[in-house]
Amino acid sequence: MTDAAEPTADEFRATLGLFATGVAVMTARAGDLAHGMTANAISSVSLDPLLVLVCVEREAVMRKVVEEVGAFAISVLAADQEHLSRWFADPARPNGTVQFDGVAHHPAPVTGAPLLDGAIAWVECTVDASHDAGDHVIFIGRVRSLRRAARRDPLLYFASRYRGLAGADPGP
């Protein structure tokens, strides 16, 4: 073992920031309370059963809402929806359902969580498990519904900047 110094949080963020990720807005509804947050720590986990994971800061309002209701939804953002990513990442936005005022959305069919119009994909989940991991909670969601829109370029995040696909072929 070497005497190398332990990496810092800034070094960690800069290094893993070189892994391009898609950008989504995670939403949940508990009764009259709806909440959204920008998320890019999302991954498929299993095909049998269909599972996804999303990581949420331990102190985030979203953690509390998801734990209360036991469900969440994900709207995968298109390249032209950077403004929505910034809005749902802004700590100064209002709490509660009012944060969706002026944001085109519709209720998810199973949980009623807000799904953002214009997204390229939507996934709706019930919580299958949760795990504490450092300053985050990992929610494992069992997929209850999903839908894809017409193929468009996704919004990406790479090296601390929003990006799009250059010369991408959207395929079938």
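The values are calculated or read from the model by the stated rules, or taken from the named source; none is laboratory data. Everything numeric here is computed off the predicted structure, so don't read it as measured data. Because the Cβ atoms are built from the backbone with ideal geometry, glycine has one as well, and the counts that use them run over all protein chains shown.
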Being more than 16 Å from residue 67 (Cβ to Cβ) and either assigned to a strand (DSSP E or B) or over 9 Å from the mean Cα position of the chain (by Cα) (or both) is the filter here; which residues of segment 21-35 pass it?
21, 22, 24, 25, 32
One residue from 61, 25 being modelled with pLDDT of 95 or more, among the β-branched types (Val, Ile, Thr) and either touching a helix residue (DSSP H, G or I) at 6+ places or on another chain (Cβ under 9 Å) or surrounded by 15 or more Cβ atoms within 10 Å (Cβ to Cβ) (or both):
25
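Of the residues 139, 158, 88, 100, which single one is touching a residue at least 12 places away in the same chain (Cβ under 8 Å), farther than 25 Å from residue 15 by Cα, in contact with a strand residue (DSSP E or B) (Cβ under 9 Å, 6 or more places away or on another chain) and not small (Gly, Ala, Ser)? Quick ask: steps written out before the conclusion?
Numbers: 139 fails: farther than 25 Å from residue 15 by Cα; 158 fails: farther than 25 Å from residue 15 by Cα; 88 fails: farther than 25 Å from residue 15 by Cα.
One residue alone meets the criteria, 100.
Just give me the residues in segment 53-66 being more than 18 Å from residue 29 (Cβ to Cβ) and not acidic (Asp, Glu), in sequence order. Break it down stepwise before answering.
The first filter runs over segment 53-66 and keeps only residues more than 18 Å from residue 29 (Cβ to Cβ), leaving 53, 55, 57-59.
Of everything in segment 53-66, those that are more than 18 Å from residue 29 (Cβ to Cβ) and not acidic (Asp, Glu) turn out to be 53, 55, 58.
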Taking segment 78-120 and keeping residues part of a helix (DSSP H, G or I) and either exposed (fewer than 14 other Cβ atoms within 10 Å of the Cβ) or of a type outside the set (Phe, Trp, Tyr) (or both) leaves 79, 80, 81, 82, 83, 84, 85, 86, 89, 97, 98, 99
Being touching a strand residue (DSSP E or B) at 6+ places or on another chain (Cβ under 6 Å) and surrounded by fewer than 20 Cβ atoms within 10 Å (Cβ to Cβ) is the requirement here; does residue 127 meet it?
yes
